[in-house]
1. Sort out which residues of the range 238-278 are among the aromatic types (F, W, Y) and modelled with pLDDT of 90 or more, and write them in order of number.
2. Here's a check for you: in the range 174-217, which residue that is in contact (Cβ under 8 Å) with a residue 24 or more places away in the chain and of a type in the set (V, I, T) is nearest to Y108 (Cα to Cα)?
3. Please pick out the residue among D230, D170 that is acidic (D, E) and more than 16 Å from H105 (Cα to Cα).
4. In the range 146-160, what count of residues is obtained for those that are surrounded by 15 or more Cβ atoms within 10 Å (Cβ to Cβ), under 19 Å from the mean Cα position of the chain (by Cα) and either without any contact (Cβ under 8 Å) to a residue 24 or more places away in the chain or closer than 15 Å to V46 by Cβ (or both)?
5. Yes or no: E57 in a helix (DSSP H, G or I), within 23 Å of L152 (Cβ to Cβ) and either at pLDDT 85 or above or open to solvent by 40 Å² or more (accessible area, probe 1.4 Å) (or both)?
6. Enumerate the pairs (first residue in the range 289-300 and within 10 Å of I237 (Cβ to Cβ); second residue anywhere and open to solvent by less than 30 Å² (accessible area, probe 1.4 Å) and in a loop (DSSP other than H, G, I, E, B)) with beta-carbon separation below 6 Å, excluding pairs fewer than 6 apart on the same chain, so at least 6 apart or on different chains.
7. For the range 192-206, indicate whether the set of residues that are of a type in the set (S, T, N, Q), more than 18 Å from V250 (Cβ to Cβ) and surrounded by fewer than 13 Cβ atoms within 10 Å (Cβ to Cβ) is non-empty.
8. What tally of residues in the range 27-54 results from selecting those that are outside any loop (DSSP other than H, G, I, E, B) and open to solvent by less than 40 Å² (accessible area, probe 1.4 Å)?
Amino acid sequence: MYFKGKVFYLDVPNNLSVQQIDHQKSYCKKISTRYEDYSEEALQFVFSPFFQPEVWEDASKVFKTLLLDYLPLDQKEIPVLFVGGRAQNKITRKNQAVGFLLTDHMIYVREMSVFTDYLPKVYPYPSSKVEAIEVLGKAASAFEWEFFETILSDEVKKELMQLMIEAITDILTTKETLEISHVESLKSNDLSGRITELGLLNNSCVKMGSDEKHSKHFRKVIKKFSIPLDETIELAITDSTLMGPYGLVVTDRSIYSKDLMESPVCTSREEIEANYPVKIIEDSIILGTNIAHMMPNSLNQGEKESVKTILVEYLSGEIALHI
């Protein structure tokens, strides 16, 4: 699974300015001072453009190849570190980067996809080290670590998490030392933007209510979920079988969900407080202590976490679902 077969190195366009390359080298050099504290097993999953671990002789070339799956990046953005691996899609036979790309102000999370090339999840981090590490925690919780379970022990996973924490800390420390301004990339405050940032854009289960191509599906949803005709579907996380649609639906007034062969469940928006704790248990999303809504079982854990993030931001008023 990990770097099997021949790796073909492509000429990746380098659009960084001379100054940006100097900054990139400074970030990588600072991070490289940490490598002696980590096992060789962990460093096999670490790649950078400069001052890379000595586990792989061609680590910088591999980094450039992996970077292709994350392009295009913003012109103001400097890629610094990749933590993860590369695997072959069993359907398309295409090699794919799987893991975390850290830039000087963003964290990208890319998972293995079978049928579709999913866009990476995007997590901008601020200049505050404490808050940046919190953002990394959210990104890590949204990653499907099970993909690496046959080659990544729990101990190595802990090492890689610690290295990423130190890498982000080192990037921000280097910026302070060299007086490099930090780009504050604000996350989107609308539904379509967050769907893209959280890597759900190409997921067939995720449907915006305004998308007319799903109108036939929504007519079935309205009937099966017993949604009043005067309510507007804003977001649907649904799948379909011969028995009809099932999953989670958010309207302008309520949250609905329905499992196969079960009656729909409805929670009025007025019943839900903005500060309700939200957690995932198997295929269900739990609001508070006793409000449960189910999601399609075809979603992986990372996708469920992304749906949870959208729902939390909706309940707290951070994003508007209607567009």
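The values are calculated or read from the model by the stated rules, or taken from the named source; none is laboratory data. What you are looking at is a predicted structure, and each value in this text was computed from that prediction instead of being measured. Don't worry about glycine lacking a Cβ; one is built from the backbone with ideal geometry, like all the others, and counts go over all protein chains shown. SASA here: full protein model, heavy atoms, side chains in, ligands and nucleic acids out. Shrake-Rupley method; radii C 1.70, N 1.55, O 1.52, S 1.80 Å.
1. Y246, Y256
2. Among them, the one singled out is T196.
3. D230
4. The number of residues fulfilling the criteria is 3.
5. Judged against the criteria, E57 is not a match.
6. Partner pairs satisfying both residue conditions: P296/C205.
7. Among the residues of the range 192-206, not one is of a type in the set (S, T, N, Q), more than 18 Å from V250 (Cβ to Cβ) and surrounded by fewer than 13 Cβ atoms within 10 Å (Cβ to Cβ), which makes the answer no.
8. 9
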